[in-house]
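First the structure, in the form of structure tokens, and then the observations on it.
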Amino acid sequence: MSMTEVPIEGGPATAKVREPLGVALLDLVTLGVYGFFWYYRVHRELADLGKAHRTSELGDSPGTSLLALVPGFLLIVPLVVSFWNAPQRVEAAQRLTGVPESQRVNGVLAFVLMLIVFPAGAAYVQAQLNRVWAAQRQAAEERT
């Protein structure tokens with residue numbers, strides 16, 4: 001799976017541009033274990049971007065998002081809330097980085113995919129996140 005690191009402007013953190021199909025396949029091959037790792041990393045990257053933009057709109061605790069999945073699936077509600085909030089955070093990141101409105105994530109589609117077929121939802125969300133990191137990289141190149 002090819003990955004490229006993109007520096008998050010305004011802070012020392014980086015984000016990874018991941019191959020969406022690779023995310024789905026790794027989740028399937030590892031029987032869901034990679035999905036937990038991916039979910040945490042994505043929320044950490046979003047939180048780092050939020051800190052750089054001085055907003056909590058993108059979340060501030062990736063561990064809490066992960067906890068909503070690991071033991072939270074037993075209660076159902078934390079998992080559903082986390083799956084609902086994840087695409088909302090991606091959309092907010094797209095808005096903050098200047099991704100055109102017509103190219104932004106469809107939150108309902110992402111939610112349904114993650115809830116019913118997590119690997120497909122993860123691939124879709126990663127594809128949308130890649131737009132955020134591409135916009136971030138483009139903005140950095142324009143400034144230099």
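The values are calculated or read from the model by the stated rules, or taken from the named source; none is laboratory data. Because the structure is predicted, anything quoted here is derived from the model rather than measured. Here Cβ is always computed from backbone atoms with ideal geometry, including for glycine, and neighbour counts include all displayed protein chains. Side chains included, ligands, DNA and RNA excluded: accessible areas come from the protein's heavy atoms. Shrake-Rupley method; radii C 1.70, N 1.55, O 1.52, S 1.80 Å.
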Give the ranking of Y39, Y34 by solvent-accessible surface, highest area first, calculated with a 1.4 Å probe. Y34, Y39
Return, ordered by residue number, the residues of region 48-71 whose backbone nitrogen is under 20 Å from a label point located 7 Å along Cα→Cβ of A13. 48-70
Tilt relative to the chain, helix 77-97 - C-alpha long axis, 0 to 90 degrees, to 10: 10
Cα centroid distance between region 111-144 and region 35-78, in Å? 15
222 nm mean residue ellipticity, helices alone, for the chain (DSSP H n ≥ 4; -39,500 (n - 2.57); rounded to 500): -22000 deg cm²/dmol
So the compactness index of region 30-93, its C-alpha Rg divided by 2.2 N^0.38 Å, takes the value 1.09
Once the Cα atoms of helix 20-29 and of the chain are each reduced to a long axis, what angle between those two axes, in degrees from 0 to 90 to the nearest 10, is obtained? 30
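Accessible area of the chain with a 1.4 Å probe: how many percent of it is carbon plus sulfur?
The nonpolar share, carbon plus sulfur, comes to 63 percent.
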Around G107 (Cβ within 11 Å, Cβ-to-Cβ, excluding G107; K/R +1, D/E -1) the net charge comes to +1
Please report Rg over Rh for region 1-63, where both radii come from the alpha carbon positions and Rh follows the Kirkwood definition. 1.03
Given H placed on each backbone N at 1.01 Å, which residues far from T4 in sequence or on other chains put an amide H within less than 5 Å of it? V17
What residue among G107, G22, G11 shows peak mean-square fluctuation when the chain is described by a Gaussian network model with Cα springs under 10 Å? G11
Report, as a whole number in µm² per second, the diffusion coefficient that Stokes-Einstein gives for region 26-144 at 20 °C and 1.002 mPa s using the Kirkwood radius over alpha carbon pairs. 148
Among L49, L74, L28, determine the one that fluctuates most according to a GNM of the chain built with springs between C-alpha atoms less than 10 Å apart. L74
Counting only protein heavy atoms and rolling a 1.4 Å probe, one gets per residue an accessible area for region 1-90 in Å² of 53
Using a 1.4 Å probe and ignoring any ligands, DNA or RNA, find the accessible area of V17 and quote it in Å² to the nearest 10. 30
Once you have the Cα-Cα distance between T30 and L67, take 0.36 nm times their residue separation minus that, and quote the gain in nm to one decimal. 11.4 nm
